[in-house]
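Remarks on the structure that follows.
The values are calculated or read from the model by the stated rules, or taken from the named source; none is laboratory data. Nothing here was measured: the structure is a model prediction, and the numbers come from that model. Note that each Cβ is placed from the backbone with ideal geometry, even for glycine, and that neighbours are counted across all protein chains shown. The accessibility values were calculated without ligands, DNA or RNA, using every heavy atom of the protein model including side chains. Shrake-Rupley method; radii C 1.70, N 1.55, O 1.52, S 1.80 Å.
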Amino acid sequence: MRAGLANLKRAIGLAGPMRLLVTGFVLVLALLIGRYSWNMPFTLAAERGLYDVRVDLSAPRIDQDNRIVLVVFTEETLAATGKRSPLDRTMLARALANLDTLGPRAIGVDILIDQPQPEDPVLTKALLGMKTPTYFGFSSNTENAEYVMPWQEAHMRGFFDNVASAPVRTANIRLDVDSDNSWRQWPNPARHPPKLLVNAITGVKGYENYRGSAIFRKPLLADRPVFASLPVDLFGDPDTAAALKDAIAGKIVLVGADLPEADRFITPFTRISGTTTPGVELHAVLIAQALDGTRLVQLAPAVLWGLAVLAVALGALTGGFDLGARVLVPSVLGGIALLGWLPYGLQAQGFDTYGLPCAGLGVAWLLALIAASTTARIVGADQRKFAQGALGKYLPRDVAEQILRDPQRLALSGERRPVFALFTDIEGFTSMCQSQPPEVVASTLNEYLDTMSDVVLKHGGTIDKFVADAVVAFWGAPLARPDDAARALACAVEMAQAGEFFKVAVEGRPAMGRTRVGMHWGDVVVGNFGGEGRIQYTALGDSMNVAARLEGANKTLKTAALVSLEAAEQMGLENFRAMGRVRVRGRQKPIEVYEPIGAGNAVDDKVLAGLCAAFERGDVSALDALRARSDVAPQDMALAYLLQRMEQVGPGGVYDLD
């Protein structure tokens, strides 16, 4: 955790003020979208659509509500009465009179008596004989100027004044819809008398100023709708009406129209089902909710802000951290699932999610994810470029790229691995340093080390360190390749050859001594050693010491490069000429050494190899042939000194180095 925070802090520092400013602006924008998406035109439609879907999916299923009955004018009613608009008031009068005899709790009429009709006297007479509290729909020009003209309001007031002696009152039947013509919430409280129909007909206190979302319910069984709906025609005849006494007695009866093209509303259920709902049924929805005494719990603004912050934080954290695919994919899917479930889960638990961002939370999460991941990617690219440049000075490009993909390969730990260890040194370098100005020494040494580094990296080696003029490198770590032996051999030969270039003085650069190379193969402990603040990737162990001793042995043996038998066998003995056995300081076990073909004066000479092998088997006469070959190659000092050692130690002998 501390390391992650440290990485985050370091990334923020590397991002720079301008990049942080842009990222911060996007995060603030994401936060505002996550909070106010219901108020933004480009997200409002999505929010409403998602709200409708979750209302539909979370709506409770119930058996038929036996407290409310709908009595409706249908297309069949209009065909029978021969009248479409306004609805036939003679049929209405008969139905009301017959319903009154069946003992309903109250009657609500979702019909406006807003213009005079010839049958008005019949309706007036029926209303004057009513005993049941009856509430007729009413709307004023003040509240509904688009649909109710002043003369229509005046007619309604006059009509109901004439029946004031009966238990007949008016009620506001307004149903407010959103700008997309969908009905989702309770209507705004009536600013002037009369009361809303739901308040007037139920008498339930506490809903006079309620402005929450309506609670929609679905039928438990497909053939039993939430509210029983009976054609008004059944109540036009007293005998037929009497047979329905049990369906009416003690219930709230709502009379209205259930016609395909009149007084129908889009609701949240329309989004999936495609069907609309008659206005009289929506009044029943409100009345049932009031009778139940239920309200959806309003979410406080602080909760909405909290959810917006959560969405932005999830997106920023998911995008801001360098997560592997195994973690990133579950994190992304988990964030989407959580933000998608929250509005649905809250709705299902009885919270009012009208106004709760859902699409907004998703957009906020996505914007934060993009902003954080873009910044992290840019910073990461800068870091990667820097790290690749830094690692590229010590590691081959392909190895550096693998390390960057998996930094754990450079963790503070060690492991035992077989490597080809290489040491180089410049003969007489100390004397040159004492005879040349410091700036000349520095420029010459930098040029030399740069050349040698390129050779090592060219052949896939890992540069361990520079010790003054010495180069330490190895193959087999941090990554091993099947051709490491061939790579190491080629590098040793090329480094010996590259050193010849620096033996010649040029303007501004003095002549340098011969480059000597030593190489051994064996187990070492390799890894990062140090602390979190300062570490070095290096190899430790006897094999490194042997390679260093072999490099020094070149001075005595007059060779350009020496390779141990262990390394030469890995590389193929046919690529070397034998240089006898030596015992180096600090190591009792003799080392059989070889000089690579191509380094110094070593050439592929099968006859020479055969003579050396014969001498090792005890054939001392092979020395004469070896002297003859040495005489024709006076420049091959390594061969001459080999002969001296062979004469000194004899077949199978070991030459001790100081």
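Could you list all residues from segment 429-476 that are outside any helix (DSSP H, G or I), under 22 Å from residue 549 (Cβ atoms) and open to solvent by 20 Å² or more (accessible area, probe 1.4 Å)?
465, 466, 467, 468
Hey, can you tell me all the residues within segment 337-358 that are over 27 Å from residue 210 (Cβ atoms) and open to solvent by less than 20 Å² (accessible area, probe 1.4 Å)?
Selection gives 339 alone.
Are there helices (runs of 4 or more DSSP H) fully within segment 245-361 with at least 3 residues that are aromatic (Phe, Trp, Tyr) and at pLDDT below 95? List them.
none
Identify, please: which residue in segment 121-156 is in contact (Cβ under 8 Å) with a residue 12 or more places away in the chain and charged (D, E, K, R) and is, among those, surrounded by the most Cβ atoms within 10 Å (Cβ to Cβ)?
153
Give segment 274-321 a look and list any residue that's farther than 16 Å from residue 32 by Cβ, within 39 Å of the chain's Cα centre (by Cα) and not hydrophobic (A, V, I, L, M, F, W, C), or say none.
Matches in segment 274-321: 274, 275, 295, 298, 318, 319, 320.
Suppose we filter 647, 616 for residues that are out of contact with any Pro (no Cβ under 9 Å at 6 or more places or on another chain) and of a type in the set (Asp, Glu); which single one remains?
Answer to the check: 647.
Could you check, for segment 516-528, whether at least one of its residues is farther than 23 Å from residue 416 by Cβ and touching a residue at least 40 places away in the same chain (Cβ under 8 Å)?
The answer is yes; a qualifying residue exists.
So which pairs qualify, if the first residue must be in segment 440-465 and of a type in the set (Lys, Arg), the second must be surrounded by 15 or more Cβ atoms within 10 Å (Cβ to Cβ), the Cβ gap must be under 6 Å, and the two must be at least 6 apart or on different chains?
As it stands, the answer is 465/472, since those pairs meet every condition given.
Among the residues of segment 360-369, write down those that are open to solvent by 20 Å² or more (accessible area, probe 1.4 Å), more than 17 Å from residue 22 (Cβ to Cβ) and touching a Ser or Thr at 6+ places or on another chain (Cβ under 7 Å).
363
Test each condition in (1) among the acidic types (Asp, Glu); (2) at positive phi; (3) surrounded by fewer than 17 Cβ atoms within 10 Å (Cβ to Cβ) for residue 263 and report the one that comes out false.
Result: residue 263 fails condition (3) only.
Restricting the search to segment 497-528, which residues are touching a strand residue (DSSP E or B) at 6+ places or on another chain (Cβ under 6 Å), modelled with pLDDT of 90 or more and among the hydrophobic types (A, V, I, L, M, F, W, C)?
Hits for segment 497-528 are 512, 517, 519, 521, 524, 525.
Select from segment 107-154 the residues that are of a type in the set (D, E, K, R) and in a loop (DSSP other than H, G, I, E, B) and write down the one among them that is modelled with the highest pLDDT.
So, considering only residues that are of a type in the set (D, E, K, R) and in a loop (DSSP other than H, G, I, E, B), the one modelled with the highest pLDDT is 131.
Based on what the data block shows, is residue 163 hydrophobic (A, V, I, L, M, F, W, C) and out of contact with any Leu (no Cβ under 9 Å at 6 or more places or on another chain)?
No; evaluated as a whole, the condition is false for this residue.
Select from segment 204-225 the residues that are open to solvent by less than 50 Å² (accessible area, probe 1.4 Å) and over 19 Å from residue 70 (Cα atoms) and list them in ascending order.
204, 206, 207, 210, 212, 213
Would you check if residue 184 is within 30 Å of residue 60 (Cα to Cα), buried (at least 17 other Cβ atoms within 10 Å of the Cβ) and not hydrophobic (A, V, I, L, M, F, W, C)?
yes
Kindly indicate the residue of segment 50-103 that is in a loop (DSSP other than H, G, I, E, B) and without any contact (Cβ under 8 Å) to a residue 12 or more places away in the chain and also most open to solvent (accessible area, probe 1.4 Å) among those meeting that condition.
The residue in question is 84.
All but one of (1) surrounded by fewer than 22 Cβ atoms within 10 Å (Cβ to Cβ); (2) closer than 22 Å to residue 243 by Cα hold for residue 118; state the number of the condition that does not hold.
Residue 118 satisfies every listed condition except (2).
Please go through segment 503-515 and pick out each residue that is touching a residue at least 60 places away in the same chain (Cβ under 8 Å) and under 25 Å from residue 597 (Cα atoms).
Hits for segment 503-515 are 512, 513, 514, 515.
Specify the residue that is surrounded by the most Cβ atoms within 10 Å (Cβ to Cβ); the eligible residues are those in segment 168-177 that are within 60 Å of the chain's Cα centre (by Cα) and either charged (D, E, K, R) or part of a loop (DSSP other than H, G, I, E, B) (or both).
The qualifying residue surrounded by the most Cβ atoms within 10 Å (Cβ to Cβ) is 173.
Of the residues that sit in segment 157-186 and are without any contact (Cβ under 8 Å) to a residue 60 or more places away in the chain and in contact with an Asp or Glu (Cβ under 9 Å, 6 or more places away or on another chain), which one is nearest to residue 50 (Cα to Cα)?
In this case the residue turns out to be 174.
Checking residue 165 against (1) surrounded by fewer than 14 Cβ atoms within 10 Å (Cβ to Cβ); (2) under 55 Å from the mean Cα position of the chain (by Cα), which single condition isn't satisfied?
(2)
Of the conditions (1) of a type outside the set (A, V, I, L, M); (2) surrounded by 15 or more Cβ atoms within 10 Å (Cβ to Cβ); (3) within 46 Å of the chain's Cα centre (by Cα), residue 256 fails just one. Which one is it?
Tallying (1) of a type outside the set (A, V, I, L, M); (2) surrounded by 15 or more Cβ atoms within 10 Å (Cβ to Cβ); (3) within 46 Å of the chain's Cα centre (by Cα), residue 256 fails exactly one: (3).
With the condition kept exactly as written, say whether any residue in segment 223-236 is under 30 Å from residue 355 (Cα atoms), over 41 Å from the mean Cα position of the chain (by Cα) and not β-branched (Val, Ile, Thr).
Yes, because at least one residue in segment 223-236 is under 30 Å from residue 355 (Cα atoms), over 41 Å from the mean Cα position of the chain (by Cα) and not β-branched (Val, Ile, Thr).
Give 608, 642 a once-over and let me know the one that is within 21 Å of residue 575 (Cβ to Cβ), aliphatic (A, V, I, L, M) and in contact with a Cys (Cβ under 9 Å, 6 or more places away or on another chain).
That would be 642, the only listed residue that is within 21 Å of residue 575 (Cβ to Cβ), aliphatic (A, V, I, L, M) and in contact with a Cys (Cβ under 9 Å, 6 or more places away or on another chain).
I'd like to verify a number: residues in segment 287-312 that are within 20 Å of residue 250 (Cβ to Cβ) and open to solvent by less than 60 Å² (accessible area, probe 1.4 Å), how many?
6
Of (1) touching a Lys or Arg at 6+ places or on another chain (Cβ under 9 Å); (2) assigned to a loop (DSSP other than H, G, I, E, B); (3) farther than 17 Å from residue 55 by Cβ, residue 205 satisfies all except one. Which?
The one condition residue 205 does not meet is (1).
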